[in-house]
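Undergrad: Okay, here's the structure, questions in a sec.
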Amino acid sequence: MLEEGQLRLLDTDTSIVVPVDTHVRFIVTANDVLHCFTIPSLGIKVDACPGRLNQVSALIQRTGVYYGQCSELCGVNHGLMPIKLECVPIGDFVE
């Protein structure tokens, strides 16, 4: 059951945590089929291909929570691949 304010099929148990105002690099791959790591509000989209490492870099200048998901039709569980990224102040990130 969803709690108040929870997003259906976008919220996750864990999240990627990155510091604000810092260049970060996402390196993605897959072990089964083609996937696509996508966070639309940040303009991030990179294919995750089996046997290959792809990368994309970002400079996120606002703290907050950003949601994304696999944007490649990759199989029956395609709709169950959410991404949650938290951008926090550098002091909180270091702790």
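The values are calculated or read from the model by the stated rules, or taken from the named source; none is laboratory data. In this text the structure is predicted, and so the values were computed from the model without any measurement. Neighbour counts are summed over all protein chains in view; Cβ atoms, including those assigned to glycine, are modelled from backbone coordinates with ideal geometry.
Undergrad: Do you know which residues across the range 1-38 are assigned to a strand (DSSP E or B) and touching a helix residue (DSSP H, G or I) at 6+ places or on another chain (Cβ under 8 Å)?
TA: Of the residues in the range 1-38, the ones assigned to a strand (DSSP E or B) are 16-19, 23-28, 30, 35-38.
Once the filter is applied, which keeps residues that are assigned to a strand (DSSP E or B) and touching a helix residue (DSSP H, G or I) at 6+ places or on another chain (Cβ under 8 Å), the range 1-38 yields Val17, Val18, Pro19.
Undergrad: Please determine, by comparing only the residues of the range 72-95 that are out of contact with any Leu (no Cβ under 7 Å at 6 or more places or on another chain) and over 21 Å from Val17 (Cα atoms), which one is modelled with the highest pLDDT.
TA: Within the range 72-95, the match that is modelled with the highest pLDDT is Leu73.
Undergrad: So, one more: Restricting to the range 61-73, name every residue that is of a type in the set (A, V, I, L, M) and under 10 Å from Glu86 (Cβ atoms).
TA: Passing the criteria: only Val65.
Undergrad: Restricting attention to the range 3-40, and to residues there that are of a type in the set (Ser, Thr, Tyr) and surrounded by 12 or more Cβ atoms within 10 Å (Cβ to Cβ), which single residue is farthest from Cys87 (Cα to Cα)?
TA: Thr29
Undergrad: Go through (1) outside any loop (DSSP other than H, G, I, E, B); (2) at pLDDT 95 or above and name the single condition Arg52 misses.
TA: Result: Arg52 fails condition (1) only.
Undergrad: Select from the range 46-95 the residues that are farther than 26 Å from Leu7 by Cα and among the charged types (D, E, K, R) and write down the one among them that is surrounded by the most Cβ atoms within 10 Å (Cβ to Cβ).
TA: Here the answer is Arg52.
Undergrad: Mind checking which pairs have a first residue in the range 66-95 that is over 16 Å from Asp47 (Cα atoms) and a second that is assigned to a helix (DSSP H, G or I), Cβ under 8 Å, 6 or more apart or different chains?
TA: What qualifies is Tyr66/Ser41; Tyr66/Leu42; Tyr67/Ser41; Leu85/Leu42.
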